[in-house]
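The values are calculated or read from the model by the stated rules, or taken from the named source; none is laboratory data. Keep in mind that what you see is a predicted model, and the values were worked out from it rather than measured. Methodologically, a virtual Cβ is constructed for each residue, glycine included, from the backbone with ideal geometry; neighbour enumeration extends over all protein chains shown. These area figures cover heavy atoms from the full protein model, side chains too; ligands, DNA and RNA do not enter into them. Shrake-Rupley method; radii C 1.70, N 1.55, O 1.52, S 1.80 Å.
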Amino acid sequence: MFHCIACGGDMKVNMEFGKYQCVECGRFMDGTFPPEDTEPEDVAASPTDAPTETWVLGGLLYSGEMTPRMRTMVGSLRAQLEQGDRNGAIETCRRLLQMERHFVDAHLWLAKLSKDEENIHKHAGAVLAMQPGNAEATRLMLVARGEMTAAEAERSKDLYHDNVQVSDDAVDAQTNVLLCPICRGGLTIAGDGHVECAFCGYVDEDAHNAVRPTSDVSLAVSLIKQRGKAVRWKVGERMVHCNECGAERVLPEGKMSGRCPFCNSNHVIVQDNLGAFRQPDAIVKFKLKRQRVEDIVHGQLESRMEKLKGLFTENRVDRIYYSGVFLPFWVFDVFGTVIIRDTYRDASSVNVEVARQEFGGQLQDLAIPAVDSPPRSLTRNLGRWDYSEKIAYTPKLLSKFAAELYVHDFDVASLEARELFRKEMQAKNINLNPNETRTVSTMVDHMDMELLLLPVWVATIIERDGDVRTALVNGQSGRIVMGKARKPTP
């Protein structure tokens with residue numbers, strides 16, 4: 001808990017300003033006070049015909065051919081916007097759409113100039129249908145739907161605005177306790193996938209009947225919302241209060257669930273006081289039982305490769321510990337444009353372009369690990385997952401297995417997804433002609449994403465010489481990846 005440097009009072013987060021504020025004297029942590037509301041000064045009345053706002057058209061988004069009449073009308077639109085003639089600009093946009101219904105700039109300006117929510121939805125939606133990544137139309141749509149304020153939309157335009165603040169202290173978090181509502185016994189997952197009480201037989205039908213999510217979230221929308229926040233907190237530890245026994249404890253960074261050490265009740269984080277926690281969108285349940293996982297691990301340890309390693313190092317196994325865990329992954333669908341240029345060098349040593357191709361490319365169900373432990377060198381190689389079996393996330397689905405909390409946010413993961421898209425498109429379009437040089441470049445047009453909890457069995461292998469190895473098993477497909485032996489940390 002922070003304390004005021006002036007009066008010693010407790011500091012609480014003021015969500016309006018995104019700062020810690022003293023509850024006693026009202027000072028912020030830096031010693032300043034919030035600005036006082038003042039009445040606006042009287043100003044001379046403007047003529048009724050004077051514009052209250054002007055705009056700049058800028059470069060056109062429309063890339064099709066334009067007739068001389070369309071060019072003239074675009075010039076008129078540019079002048080009307082610069083003069084603040086809202087009604088004239090709206091009429092010109094309508095006339096442009098009568099000539100070319102795909103004139104994207106006319107749709108965009110009708111959305112920007114309109115004060116009617118239905119028209120904003122209509123025309124901003126038309127822009128996004130033609131250009132899914134258009135940031136201006138996305139902002140207009142979010143404000144019209146009430147998902148952002150006008151101030152947040154304006155703030156999101158600053159691509160270099162750094163709104164990240166790090167909380168040094170543990171942040172209070174709210175949790176769901178996974179106990180039976182009938183007898184307060186511990187909930188667990190039955191063999192058929194039901195959430196049930198291990199003591200009185202209560203079955204939670206709501207968790208079992210959770211539906212499969214039907215849509216993903218646009219990365220562009222998430223980035224705009226993220227930049228629009230006054231403060232984006234990065235939180236390490238979270239303080240959890242147990243309502244069963246009254247104990248308080250700290251969940252370390254990266255932990256989404258855990259058991260109370262005093263009463264053994266299972267708690268799952270649902271939010272924190274700084275709004276820095278995002279719940280998963282969906283979850284994929286475990287298919288493999290522990291006995292099957294043990295067979296897979298023992299089979300790998302008895303493989304020819306492992307026996308070959310044993311000729312050079314002491315890798316005989318002393319004991320193995322198993323645990324199931326849900327690991328967070330950002331899963332992306334990437335849609336973009338692939339541009340291919342083939343060139344050859346003629347006798348004059350001048351590179352001549354032979355052909356240029358441009359076509360759409362996509363890479364779907366691209367899973368990016370959102371944690372660093374277990375090592376990403378292992379989690380990246382767990383193979384593919386069957387996402388048709390995902391269901392909507394609810395904390396009760398963590399009754400049997402714990403879950404890790406993401407430490408890499410979607411903006412960081414999206415950069416890795418873009419790079420993998422580029423490499424995949426290059427690998428698919430290799431030119432085998434030795435006399436030509438092929439250059440493959442990509443542009444990402446749109447990305448959808450979701451945060452999934454995926455089932456992973458972790459096997460911690462203790463060797464006779466004391467070294468430790470980690471093996472991960474895909475809890476759905478059974479694919480196994482083995483880590484390198486390492487000395488245990490003291």
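Sequence-distant or interchain residues sharing an amide H contact under 5 Å with M148, placed H: which?
V143
Using only alpha carbon pairs under 8 Å that are at least six residues apart, calculate the relative contact order of segment 61-149 and give it in whole percent.
Answer for segment 61-149 is 19 percent.
What's the FRET efficiency of D168 with Y202 using the Cβ-Cβ distance as r and R₀ = 60 Å, to the nearest 0.05? Don't skip to the end; give the middle numbers.
Working: r = 42 Å, r/R0 = 0.70.
Taking R0 as 60 Å, the efficiency between D168 and Y202 is 0.90.
With θ set to phi - 60°, apply the Karplus curve 6.51 cos²θ - 1.76 cosθ + 1.60 along segment 329-334 and write out the HN-Hα couplings as whole Hz, x wherever there is a Gly or Pro.
With coefficients 6.51, -1.76 and 1.60, one gets 10, 8, 10, 10, 10, 10 Hz.
Any chance you could look up the accessible area of L61 with a 1.4 Å probe, heavy atoms only, rounded to 10 Å²?
60 Å²
How much of R145 can a 1.4 Å solvent probe reach, expressed as accessible area in Å² and rounded to 10?
Its accessible surface works out to 120 Å², give or take rounding.
Which whole-number percent gives the relative contact order of segment 214-269, counting Cα pairs below 8 Å spaced six or more residues apart?
Relative contact order for segment 214-269 comes out at 21 percent.
Taking a ≥ b ≥ c as the square roots of the Cα gyration tensor eigenvalues, with a/c under 1.5 meaning rounded and otherwise prolate when a/b beats b/c, else oblate, which class fits segment 215-310?
Values: a/c = 2.55, a/b = 1.48, b/c = 1.72.
Oblate, because a/c is 1.5 or more while a/b does not exceed b/c.
Report the FRET efficiency, 1/(1 + (r/R0)^6), for N429 and N243, where r is their Cβ-Cβ distance and R0 is 60 Å, rounded to 0.05.
Calculated value: 0.55.
Using a cut-off of under 16 Å, list every residue of segment 459-485 whose amide N is near the label point 7 Å from the Cα of Q300 along the Cα-to-beta-carbon line.
459-463, 468-485
Evaluate the relative contact order of segment 404-487 (contact order divided by residue number), counting alpha-carbon pairs under 8 angstrom at least 6 apart; express in whole percent.
Relative contact order, segment 404-487: 16 percent.
Provide the solvent-accessible area of E136, counting protein heavy atoms only and rolling a 1.4 Å probe, rounded to the nearest 10 Å².
Using a 1.4 Å probe on the heavy atoms, I get roughly 80 Å².
Find how much the distance from I339 to E82 grows on full extension, using 0.36 nm per residue of separation minus their present alpha carbon separation; answer in nm with one decimal.
88.8 nm
Got a sec to turn the phi values of segment 141-154 into Karplus ³J(HN,Hα) couplings, 6.51 cos²θ - 1.76 cosθ + 1.60 with θ = phi - 60°, whole Hz, x for Gly and Pro?
5, 5, 5, 4, 7, x, 8, 9, 8, 4, 5, 5, 4, 5
Starting from the Cα of D365, step 7 Å toward the Cβ, then list every residue of segment 415-439 with an amide N under 16 Å from that point.
Within reach of a label on D365, which here means backbone N under 16 Å from a point 7 Å along Cα→Cβ, segment 415-439 contributes nothing.
How large is ³J(HN,Hα), in whole Hz, for each residue of segment 373-379 in order, when computed from phi with the Karplus curve 6.51 cos²θ - 1.76 cosθ + 1.60 and θ = phi - 60°, using x for Gly and Pro?
Karplus-based 3J(HN,Hα) across segment 373-379 equals 10, x, x, 5, 4, 9, 5 Hz.
Under the rule a/c < 1.5 gives rounded, and otherwise a/b versus b/c splits prolate from oblate, where does segment 383-490 land using the Cα gyration tensor?
Oblate.
Once you order the gyration tensor axes a ≥ b ≥ c over the Cα atoms, which shape class does segment 101-148 get: rounded for a/c under 1.5, otherwise prolate or oblate by comparing a/b with b/c?
Working: a/c = 2.03, a/b = 1.28, b/c = 1.58.
In terms of gyration-tensor shape, oblate.
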